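Participant: I have a structure here, written as structure tokens, and I will follow up with some questions on it.
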DNA sequence: CGTTACATTTACGTTCACGTCAATTGCTCT
DNA sequence: AGAGCAATTGACGTGAACGTAAATGTAACG
């Protein structure tokens, strides 16, 4: 039903996600994604795209690929046993609290940075005043 | 006035920030911190501690040490010229918008993860019901 | 059917952020 | 003075996450 040309080539993937072919092959080798094959060529499915999106998101937060791999099992547990899923569920819970504390830290960092920039803006204002005085003289 | 034993040894620093001596020496080599010397030994100042705090915070968000080094100039521009400061000011602005968008992504990631965990909880509930049926049989 | 244009595999290279080990050096305690 | 213990420097090692080069395959085009 929702056909949208479900399969994408490696180049289409690279353009869509701004990664290199090497990266996609590397992720496949690490079992983070599982493209099908048309002969020797890779064909990436909707599932691969969903996983890749999560992978790149995780990377932005400094999560290692290995940890990301384990987290992916939470979102997408094709053919993984119940106990496997239970493990990844717990892991997901832990990761959630970590992310929440990271969010708190990020908020603090943003507040601090805003403050510093405000101070800096004050400095510039004074510099500009000095400049005006000079050009007026 | 605010004496609080301003200088700390490398061991005190390691204990306080949960890093290894190697890390502190590495950061010094990379010019992220500038401990004084008592003979050959390092003595870390209040300034070093402030910088180290920011360094570790930055690392949590996946910022590279080199980028962190440049950002530090914004918070602490000892003996750096005006144009240097202007550069780091702009850099700080850019970083702020990046952090804000990172925050948005993080919020989304947290929402998604919560949702997945909720789904998982539903699954477990059903499993538990099955277990109950079995033990009842 | 030859050449152009990608894709694949294999394997070695690279950068970052430290770890680890060895060889001093410098107190400090007895 | 000698023994012990922490700190320092220098050098090499390591794991993660790819980059890069070489050889090979294959699909399409004129």
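The values are calculated or read from the model by the stated rules, or taken from the named source; none is laboratory data. It should be emphasised that the depicted structure is a prediction, and the values quoted were computed from it without experimental measurement. Here Cβ is always computed from backbone atoms with ideal geometry, including for glycine, and neighbour counts include all displayed protein chains.
Participant: Taking the options A:12, A:108, A:18, A:28, name whichever one is at pLDDT 95 or above, under 30 Å from residue B:93 (Cα atoms) and away from chain B (no Cβ under 14 Å).
Facilitator: A:18 is the lone residue from the list that is at pLDDT 95 or above, under 30 Å from residue B:93 (Cα atoms) and away from chain B (no Cβ under 14 Å).
Participant: Still on this model: Return yes or no: is residue A:78 loosely packed, with under 11 Cβ neighbours inside 10 Å, in a loop (DSSP other than H, G, I, E, B) and within 16 Å of DNA strand C (Cβ to nearest atom)?
Facilitator: no
Participant: Moving on to the next point. Scan segment A:40-59 and give yes if some residue there is away from DNA strand C (no atom under 13 Å from the Cβ) and under 12 Å from residue A:10 (Cα atoms), otherwise no.
Facilitator: First, the residues of segment A:40-59 that are away from DNA strand C (no atom under 13 Å from the Cβ): A:45-47, A:49-59.
This time we only want the ones that are under 12 Å from residue A:10 (Cα atoms), so: A:45, A:49.
Yes, that holds for at least one residue.
Participant: Quick one: is residue A:128 free of Cβ contacts under 8 Å to residues at least 40 places away in the same chain, assigned to a helix (DSSP H, G or I), more than 8 Å from chain B (Cβ to nearest Cβ) and surrounded by 14 or more Cβ atoms within 10 Å (Cβ to Cβ)? I'd like the intermediate steps shown before the answer.
Facilitator: Values: free of Cβ contacts under 8 Å to residues at least 40 places away in the same chain: yes; assigned to a helix (DSSP H, G or I): yes; more than 8 Å from chain B (Cβ to nearest Cβ): yes; surrounded by 14 or more Cβ atoms within 10 Å (Cβ to Cβ): no.
So residue A:128 fails the test.
Participant: Can you name the residue in segment B:95-121 that is touching a residue at least 12 places away in the same chain (Cβ under 8 Å) and over 15 Å from residue A:53 (Cα atoms) and, of all such residues, is surrounded by the most Cβ atoms within 10 Å (Cβ to Cβ)?
Facilitator: Among those that are touching a residue at least 12 places away in the same chain (Cβ under 8 Å) and over 15 Å from residue A:53 (Cα atoms), it is B:95.
Participant: Follow-up. I'd like the full set of residues that are more than 7 Å from chain B (Cβ to nearest Cβ), within 24 Å of residue B:105 (Cβ to Cβ) and surrounded by 15 or more Cβ atoms within 10 Å (Cβ to Cβ), limited to segment A:82-94.
Facilitator: Matches in segment A:82-94: A:88, A:91.
Participant: For the subset of segment A:21-37 comprising residues that are exposed (fewer than 11 other Cβ atoms within 10 Å of the Cβ) and free of Cβ contacts under 8 Å to residues at least 12 places away in the same chain, which member is farthest from DNA strand D (Cβ to nearest atom)? Break it down stepwise before answering.
Facilitator: Filtering segment A:21-37 for residues exposed (fewer than 11 other Cβ atoms within 10 Å of the Cβ) gives A:22, A:29, A:31, A:37.
Filter once more, keeping what is free of Cβ contacts under 8 Å to residues at least 12 places away in the same chain: A:22, A:29, A:37.
On the way: A:22: 4, A:29: 9, A:37: 11 Å.
Only one residue tops the list, namely A:37.
Participant: Next up: Have a look at B:60, B:47, B:42 and point out the one that is within 16 Å of DNA strand D (Cβ to nearest atom) and closer than 24 Å to residue B:7 by Cα.
Facilitator: Testing whether each residue is within 16 Å of DNA strand D (Cβ to nearest atom) and closer than 24 Å to residue B:7 by Cα leaves just B:42.
Participant: Return a yes/no flag: does segment A:53-71 have any residue that is within 16 Å of the chain's Cα centre (by Cα) and away from chain B (no Cβ under 14 Å). Working first, answer last.
Facilitator: Residues of segment A:53-71 that are within 16 Å of the chain's Cα centre (by Cα), as a first pass: A:53-71.
So of that shortlist, the ones also away from chain B (no Cβ under 14 Å) come out as A:66, A:69.
Taking every residue of segment A:53-71 in turn, at least one turns out to be within 16 Å of the chain's Cα centre (by Cα) and away from chain B (no Cβ under 14 Å).
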